Amino acid sequence: MCRIFGFRSAVPSRAHRSLVAAENALATQSIRHPHGWGIGYVKGDDAYVVKSARSAHDCPRFKSACERLTSHTFVVHVRKATVGCIDSLNAHPFRFGRWLFAHNGTIFGFEDRAAHLRDRIDPDLRSHVMGDTDSEHLFFVLLTALRRAGIDRATHDPKDAPVVGQVVRDVLYELDAEARVQQLDRPILNVLLTDGRTFVAHRAGMPMFLSTQKRHCPDADTCPAANKVCLLARRPVDQSVNHLIVASEPIGAENLWEEVPDGTTVVCDERFALTMQGAPRGWVAPVLPEHARSDGLFRAATSAK
């Protein structure tokens, strides 16, 4: 499958260390996930994406972008293709308007379910699906659901954050429930979605970790943040933070990492209030079906190394 990395900071920062230089940086992970990369970032109210079909660990453009780009929001992805050809159009993250989206997982049997997913996308949005992945279709399903929930893609409202989180959660749980009712392989649905202010992560079936504090920080002496919450020893549940990293695997020994429980939705609003909503009572996380476990594309996919 793939590896994802999401970053929100109260001050514009570079993600170069996490992406290139740190222990288990995303470039290192891309050796096992070599089918393309993408960096999504936000400047002002606009989202931008740099992509390639090359492996990040062997691509000068990836290293150059990591060194140069500065933002308060990043969504980065290295791909191990399971659905769709190896092409820059199929590299994540996907962008539409101010929204950035990345997916780690698979909607199994997508060839048979693609028409159903397309039916859930508003007609005027379908033409914006440029690639042939399950992930991009899922992105536009979510955008349709957000629109129907009253989330305007052209404006920001601080009250939108819990609504966005609930919409993402509802859609992903609905897709899981549909697969169970139809006795299909349940989808693996780890996702990141942000508009540069609201940031949502959801874990369903693959590893996911978050960090809001550091053991030590090489930038502590020069960081302009007056209240360095990131250097606190512990993070109380549902508090404001100064920065948030969400990743498929722990990156960098200086960060304090905690595992996101399966079935959990993480929401960080534009004031950096962080909330986590756990799985419903009785919910069991999806697992790779046996046919996927024997497929080389999925070997060790569930291991966070």
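Number of residues in region 18-53 that are of a type in the set (Lys, Arg) and surrounded by fewer than 19 Cβ atoms within 10 Å (Cβ to Cβ) equals 2. Of the candidates Arg126, Arg113, the single residue that is open to solvent by less than 80 Å² (accessible area, probe 1.4 Å), at pLDDT below 95 and on the phi < 0 side of the Ramachandran plot is Arg113.
Looking at the structure I just gave you, is Arg118 open to solvent by 10 Å² or more (accessible area, probe 1.4 Å), at pLDDT 95 or above and either in a strand (DSSP E or B) or more than 22 Å from Lys80 (Cα to Cα) (or both)? Here the answer is yes, as Arg118 does meet what is asked. Among residues of region 92-110 being under 17 Å from the mean Cα position of the chain (by Cα) and aromatic (Phe, Trp, Tyr), the one that is surrounded by the fewest Cβ atoms within 10 Å (Cβ to Cβ) is Phe96. Of everything in region 144-178 that is touching a residue at least 24 places away in the same chain (Cβ under 8 Å) and either among the small types (Gly, Ala, Ser) or part of a loop (DSSP other than H, G, I, E, B) (or both), the residue that is surrounded by the fewest Cβ atoms within 10 Å (Cβ to Cβ) is Ala154. The set of residues in region 246-274 being under 11 Å from Ser211 (Cα atoms) and either free of Cβ contacts under 8 Å to residues at least 40 places away in the same chain or assigned to a strand (DSSP E or B) (or both) consists of Val246, Ala247, Asn255, Leu256, Trp257, Glu258, Glu259. Comparison of Leu26, Leu19, Leu89 shows that the only residue that is within 23 Å of Ala201 (Cα to Cα) and more than 15 Å from the chain's Cα centre (by Cα) is Leu89.
The values are calculated or read from the model by the stated rules, or taken from the named source; none is laboratory data. Note that the coordinates shown come from a computational prediction; the quantities given were computed from them, not determined experimentally. In this analysis, Cβ positions are derived from the backbone assuming ideal geometry, glycine residues included, and neighbour counts consider all displayed protein chains. Areas reflect the complete protein model, heavy atoms only, side chains present, ligands, DNA and RNA absent. Shrake-Rupley method; radii C 1.70, N 1.55, O 1.52, S 1.80 Å.
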